[in-house]
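Trainee: I'd like to ask you about the structure that follows.
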Amino acid sequence: MTTVEAKPTRQLSYVAAVSEAFAQLMREDPDIFLAGEDVALGGSVFGVSRGLLKEFGPERVIDTPISESGIIGLGLGAAATGLRPIVDIMFMDFMGVCMDEIVNQVAKMKYMFGGKAKLPLTIHTMAGGGGSMAAQHSQSLEAWFCHVPGLKVVMPSGPYEAKGLMVAAVRDDNPVIVINNKVSLRMQADVPEELYEIELGRAHVVRPGTNFTIVAIGRMVPESLKAAEMLAADGLDVEVIDPRTLQPFDTATVVESVRKTHRALVAHEAVRFGGIGAEIAAQIQEEAFDYLDAPVGRVGAPFSPVPFSPPLEKEYIPDAGRVAAEVRRILGKQV
Amino acid sequence: MNVSTEALRDMHLRMVRIRTFEEEAGKLMESGRVPGSLHLYVGEEAVAAGVMAHLRDSDQITSTHRGHGHLVAKGGDFKQMYAELFGRSTGYCKGKGGSMHISDLDLGMLGANGIVGAGPPIAIGAAFSNQYRKTDNVTVCFFGDGASNEGTFHEAANMAAVFKLPVVFVCENNGFGEFTRQERHQAIQDVADRASGYGMPGVVVDGMDVMAVYEAAGEAIMRARRGGGPSLLECKTYRFYDHVGIRGLGVAYRDDSEVLEWRKRDPITMFERKLDEEGLLSAGEAAGIHETALAEVREAIAFAEASPFPDASALLEDVYTATD
Ligand SMILES: Cc1ncc(C[n+]2csc(CCOP(=O)(O)OP(=O)(O)O)c2C)c(N)n1
């Protein structure tokens, strides 16, 4: 499988990029169906499945009861018996309701059965804060799933990535969790009209640079690009890397960058403690210790649930300013 | 059933207070003055009022994402409620929870909840505690028709029955889970049918008729209080507005004619007509009650908007309790 960096053809929103990926995939493969809460008649509360019911009918676009364990199980059982399901868990927070299905069933079935199962299952969900939706509708829990062997985890950073990674996820013969970000849904970018894949497990250097490496996850990619601009004004040439896939993780691309820049930080919206940034920082120091001029930094949310009140939430969620400040701190410069 | 005039007027007051609270809150959300999403209880007031009329402060309830009405009916303070919706430090949850987590433990209100189906397991825990501590307190668990499809409901119902817990499961069946009509999410018409599968009584009542709710809830709560175990009360009701916010008409998932038909059975209007006919509350008196409620709501909104936002230092507070 190769990454086709196809020619951009028109501006598309993130949300339209996701629904276009679903539609084109379903046209291509009759074994694909989409099931989830309010994905059919309602077109999903986020709009990611708008129009699909009309085109593909209720056999393939299915409104389920509010039963997250059932939804994941539906996908797993169908995948194990030859279909290629896409199931939707509306908010990532609700994955708490169906953790057994994901962690003990989906992730392990193939291994436990001595390899005698193929599970082409895609679990789509929405993460992230920023809309005053409080503690149970705003979390970024990707690290939970990266810790479980058997799952792949994808976190797109923009419309182009959202479409290409969704296509790769659905075509992959393994369970893949695709985590989109609510705030990013409004982003616009050039997105090719045709079906294209972005290879899973391969990072992308979004902005080449020589002085510092920022590994940015999901929504922190556009924030880190802004930070890089702010830092460019100080004469710093920052490289920004979007891993795109968190599991499997493309350590090589990150390490290659750090060997050049000698300094790095990881930025994610999730809680900093125990976040995927900890794993990435550990890998960098394992593979590039001799090249590092400073400890690897991490930007993430503080150790509390996501607060409701707008000023608290603003304080909570990392942004370009915090990324830039952390870069300056690592470089020993005054913020 | 013989109900005192005082009790009738009390239920009317609870319904009016909920309605007024919700109408004003909805407008604040629609105009962007209140952040986040509000799930309004307009149309379903008779359920909260008819049930809560039987409860004491020491009885507990678990609520849902549509929780303002439950807290108002349980005696919630408008000022602290509005301050919470506005995300201010004077709110019930110091601005940390907002609409979906509004709560008052002193009133036994164990929280609105952002997770559909989260209430039933918490409710049986509270009911177990009531039983364990040998009190005669009761826990009431409010949940929707949609929530009755979560495994949590079924696990909790079974445990409640087998442990004979003092809990009453009150299903607010408004016919929809978000945009999905009940007939498309479950193959039964009456959620109350599920009770027999767990070995507890299940009763269906007209959830637009506060007297019907009051009567059936009274029986279920009394049974639980006396050690007779759990039961399930299903109230057939309707959400006048949208799943989130006000609009409610001109939406794809239901016909306006259906909405208007249900609005003809507005629980407050119907009850006021009945009270007026029976000479228990005149139209003039009722209007006065609405006005007073509105004045209280306005005062609460002014209080909330004049209150400070939480300080950034509050962010890391309240994550853990310092054990003493
Ligand atoms: C576990 C979980 N799944 C899904 C949701 C999204 N959601 C919020 S309210 C709702 C509908 C709930 O329907 P019902 O229980 O009937 O209550 P109603 O909204 O009708 O009062 C859904 C699907 C959620 N908050 N939590």
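Trainee: Looking at (1) touching a strand residue (DSSP E or B) at 6+ places or on another chain (Cβ under 9 Å); (2) in a loop (DSSP other than H, G, I, E, B), can you tell me which one B:Glu234 breaks?
Mentor: Every condition holds for B:Glu234 apart from (2).
Trainee: Which residues, counting only those in region B:272-282, are in a helix (DSSP H, G or I) and touching a Lys or Arg at 6+ places or on another chain (Cβ under 9 Å)?
Mentor: Going residue by residue through region B:272-282, those that are in a helix (DSSP H, G or I) are B:272-277.
If the condition is that a residue be in a helix (DSSP H, G or I) and touching a Lys or Arg at 6+ places or on another chain (Cβ under 9 Å), then B:Leu275 is the only one that fits.
Trainee: Now, a different point. Is it the case, given these coordinates, that B:Val116 is in contact with a Ser or Thr (Cβ under 7 Å, 6 or more places away or on another chain), near the ligand (Cβ under 10 Å from one of its atoms) and assigned to a loop (DSSP other than H, G, I, E, B)? Walk me through how you get there before you give the answer.
Mentor: Values: in contact with a Ser or Thr (Cβ under 7 Å, 6 or more places away or on another chain): no; near the ligand (Cβ under 10 Å from one of its atoms): yes; assigned to a loop (DSSP other than H, G, I, E, B): yes.
Criteria not met by B:Val116.
Trainee: When A:Leu121 is evaluated against the numbered criteria (1) away from every other protein chain (no Cβ under 11 Å); (2) surrounded by fewer than 23 Cβ atoms within 10 Å (Cβ to Cβ), which criterion, by number, is the only one it fails?
Mentor: (2)
Trainee: Can you find a residue that is touching a Pro at 6+ places or on another chain (Cβ under 9 Å) and in the same structural domain as A:Arg328 (by TED's automatic domain parsing) anywhere in region A:284-295? Reasoning before the result, please.
Mentor: To start, the set of residues in region A:284-295 that are touching a Pro at 6+ places or on another chain (Cβ under 9 Å) comprises A:285.
Add one more test, that the residue is in the same structural domain as A:Arg328 (by TED's automatic domain parsing), and what stays is A:285.
Yes: region A:284-295 contains one or more residues that are touching a Pro at 6+ places or on another chain (Cβ under 9 Å) and in the same structural domain as A:Arg328 (by TED's automatic domain parsing).
Trainee: Let me ask something else. Check region B:36-47 and report whether any residue there is in contact with a Phe, Trp or Tyr (Cβ under 7 Å, 6 or more places away or on another chain) and more than 16 Å from the ligand (Cβ to nearest atom). Reasoning before the result, please.
Mentor: At the first step, the residues of region B:36-47 found to be in contact with a Phe, Trp or Tyr (Cβ under 7 Å, 6 or more places away or on another chain) are B:36, B:40, B:42-43.
Adding the requirement that they be more than 16 Å from the ligand (Cβ to nearest atom) leaves none.
No: zero hits.
Trainee: Looking only at region B:119-143, filter to residues that are within 14 Å of chain A (Cβ to nearest Cβ) and crowded, with 24+ Cβ neighbours inside 10 Å; which one of those is nearest to the ligand (Cβ to nearest atom)? Steps first, answer last, please.
Mentor: Residues of region B:119-143 within 14 Å of chain A (Cβ to nearest Cβ): B:119-122, B:143.
Those left that are additionally crowded, with 24+ Cβ neighbours inside 10 Å: B:119-120, B:143.
On the way: B:Gly119: 10, B:Pro120: 11, B:Phe143: 6 Å.
So the residue we want is B:Phe143.
Trainee: Now, a different point. Check whether at least one residue in region B:67-74 is within 14 Å of chain A (Cβ to nearest Cβ) and in contact (Cβ under 8 Å) with a residue 24 or more places away in the chain, and report yes or no. Before the answer, list the steps.
Mentor: Pass one, region B:67-74, residues within 14 Å of chain A (Cβ to nearest Cβ): B:67.
With the extra rule that they be in contact (Cβ under 8 Å) with a residue 24 or more places away in the chain, the set shrinks to B:67.
The answer is yes, given that some residue of region B:67-74 is within 14 Å of chain A (Cβ to nearest Cβ) and in contact (Cβ under 8 Å) with a residue 24 or more places away in the chain.
Trainee: Can you find a residue in region A:283-298 that is under 26 Å from B:Asp318 (Cβ atoms) and within 14 Å of chain B (Cβ to nearest Cβ)? Steps first, answer last, please.
Mentor: Within region A:283-298, the first condition is being under 26 Å from B:Asp318 (Cβ atoms), and the residues that meet it are A:298.
Right, trim to within 14 Å of chain B (Cβ to nearest Cβ) and you get none.
Among the residues of region A:283-298, not one is under 26 Å from B:Asp318 (Cβ atoms) and within 14 Å of chain B (Cβ to nearest Cβ), which makes the answer no.
Trainee: Right, B:Met222: more than 16 Å from the ligand (Cβ to nearest atom), surrounded by fewer than 15 Cβ atoms within 10 Å (Cβ to Cβ), of a type in the set (A, V, I, L, M) and more than 26 Å from B:Glu24 (Cβ to Cβ) or not? Even if it seems obvious, please write down each step before you answer.
Mentor: Working: more than 16 Å from the ligand (Cβ to nearest atom): yes; surrounded by fewer than 15 Cβ atoms within 10 Å (Cβ to Cβ): yes; of a type in the set (A, V, I, L, M): yes; more than 26 Å from B:Glu24 (Cβ to Cβ): yes.
It is true that B:Met222 is more than 16 Å from the ligand (Cβ to nearest atom), surrounded by fewer than 15 Cβ atoms within 10 Å (Cβ to Cβ), of a type in the set (A, V, I, L, M) and more than 26 Å from B:Glu24 (Cβ to Cβ).
Rundown of residues vs (1) within 16 Å of the ligand (Cβ to nearest atom); (2) crowded, with 24+ Cβ neighbours inside 10 Å, yes/no style:
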| site | (1), (2) |
| --- | --- |
| B:Asp10 | no, no |
| B:Glu23 | no, no |
| B:Lys27 | no, no |
| B:Ala49 | no, yes |
| B:Asp59 | no, yes |
| B:His65 | yes, no |
| B:Lys79 | no, no |
| B:Tyr92 | no, yes |
| B:His101 | yes, no |
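Trainee: Do the conditions hold for A:Met126, that is, is it within 16 Å of the ligand (Cβ to nearest atom) and within 19 Å of A:Phe46 (Cβ to Cβ)?
Mentor: Details: within 16 Å of the ligand (Cβ to nearest atom): yes; within 19 Å of A:Phe46 (Cβ to Cβ): yes.
So A:Met126 passes the test.
Trainee: Look through region B:145-197, keep the residues that are of a type in the set (A, V, I, L, M), assigned to a helix (DSSP H, G or I) and within 22 Å of the chain's Cα centre (by Cα), and return whichever of them is nearest to the ligand (Cβ to nearest atom). Can you show your working first?
Mentor: Applying the first criterion (of a type in the set (A, V, I, L, M)) to region B:145-197 yields B:147, B:156-157, B:159-162, B:165, B:167-168, B:170, B:187-188, B:191-192, B:195.
Within this subset, residues satisfying the condition of being assigned to a helix (DSSP H, G or I) are B:147, B:156-157, B:159-162, B:195.
Then keep just the ones that are within 22 Å of the chain's Cα centre (by Cα); that gives B:147, B:156-157, B:160, B:195.
Details: B:Ala147: 4, B:Ala156: 14, B:Ala157: 15, B:Ala160: 18, B:Ala195: 17 Å.
In this case the residue turns out to be B:Ala147.
Trainee: Which of the residues that make up region B:285-324 are more than 25 Å from B:Ile268 (Cβ to Cβ) and touching a helix residue (DSSP H, G or I) at 6+ places or on another chain (Cβ under 6 Å)?
Mentor: If the condition is that a residue be more than 25 Å from B:Ile268 (Cβ to Cβ) and touching a helix residue (DSSP H, G or I) at 6+ places or on another chain (Cβ under 6 Å), then B:Phe303, B:Ser307, B:Phe309, B:Pro310, B:Ala312, B:Leu315 are the ones that fit.
Trainee: Right, something else. Among the candidates A:Val238, A:Val221, A:Val215, which residue alone is in contact with a Phe, Trp or Tyr (Cβ under 7 Å, 6 or more places away or on another chain) and in the same structural domain as A:Val254 (by TED's automatic domain parsing)?
Mentor: Details: A:Val221 fails: in contact with a Phe, Trp or Tyr (Cβ under 7 Å, 6 or more places away or on another chain); A:Val215 fails: in contact with a Phe, Trp or Tyr (Cβ under 7 Å, 6 or more places away or on another chain).
Going through A:Val238, A:Val221, A:Val215 in turn, the sole match is A:Val238.
The values are calculated or read from the model by the stated rules, or taken from the named source; none is laboratory data. Keep in mind that what you see is a predicted model, and the values were worked out from it rather than measured. Neighbour counts run over all protein chains shown; Cβ positions are idealised from the backbone, glycine included.
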